[in-house]
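Chemist: Below you'll find the structure I mean.
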Amino acid sequence: MNSFRTASALELAQGLEEARSYTLALFDSFAAAGYGEPGKAPRHEHLDPPLWELGHIAWFAEWFILREACSSERAAASLPSLLSQGDKWFDPEAVPQGAR
């Protein structure tokens with residue numbers, strides 16, 4: 001794939017689909033290893049829990065693509081989250097690492 005700055009709409013869509021498939025396959029591996037439920041994965045002070053990370057990835061994509069945010073500033077999103085509590089749950093600026 002070309003750089004995302006010069007990619008066509010089709011190339012961007014394919015790249016996002018490939019990234020989504022790869023991400024979901026990684027999380028299927030976590031689940032197969034017994035870490036598919038909250039609290040099952042071992043905690044590490046510098047890593048977020050796998051399920052929180054999956055939600056954050058979706059929130060991040062929603063922020064820039066569906067909500068039309070032009071930056072990461074809190075007021076940058078033009079539209080609300082699809083999840084009523086999405087910002088409260090998955091915005092890393094709003095959720096302290098120990099609470100994830």
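Chemist: Using the Cβ atoms and a cut-off under 12 Å, what net charge is assigned to the surroundings of PHE90, where Lys and Arg are +1 and Asp and Glu are -1? Mind dumping the intermediate values first?
Modeler: Working: positive: LYS88, ARG100; negative: ASP48, GLU53, GLU62, ASP87, ASP91, GLU93.
Surrounding charge for PHE90 is -4.
Chemist: Hey, any idea what the orientation-averaged projected area of the convex hull of segment 52-100's Cα atoms comes to, in nm²? List each step's numbers first, then the result.
Modeler: Working: hull surface 12.2 nm².
The number I arrive at for segment 52-100 is 3.1 nm².
Chemist: So, in nm, how far is label TYR22 from label SER3 when the simple model puts each one 7 Å beyond its Cα toward the Cβ?
Modeler: Rounded to a tenth, the inter-label distance reads 1.9 nm.
Chemist: Using only the C-alpha atoms of the chain, find the volume of their convex hull and express it per residue in Å³. All intermediate terms of the calculation are to be shown ahead of the outcome.
Modeler: Numbers: hull volume 12.6 nm³, N = 100.
Hull volume normalised by residue count: 126 Å³.
Chemist: Points 7 angstrom from Cα along the Cβ direction at GLU45 and LEU82: gap in nanometres?
Modeler: The modelled label-to-label distance comes out at 3.7 nm.
Chemist: Just grab the label-to-label distance for SER29 and ALA75, each label 7 Å out from Cα along the Cβ direction, in nm (one decimal).
Modeler: 4.3
Only the coordinates and a few stated rules stand behind these numbers; no lab work does. On a predicted model such as this, the values are computed, not experimentally measured, just so you know. Every residue, glycine among them, receives a Cβ derived from its backbone with ideal geometry; neighbour counts consider all protein chains shown.
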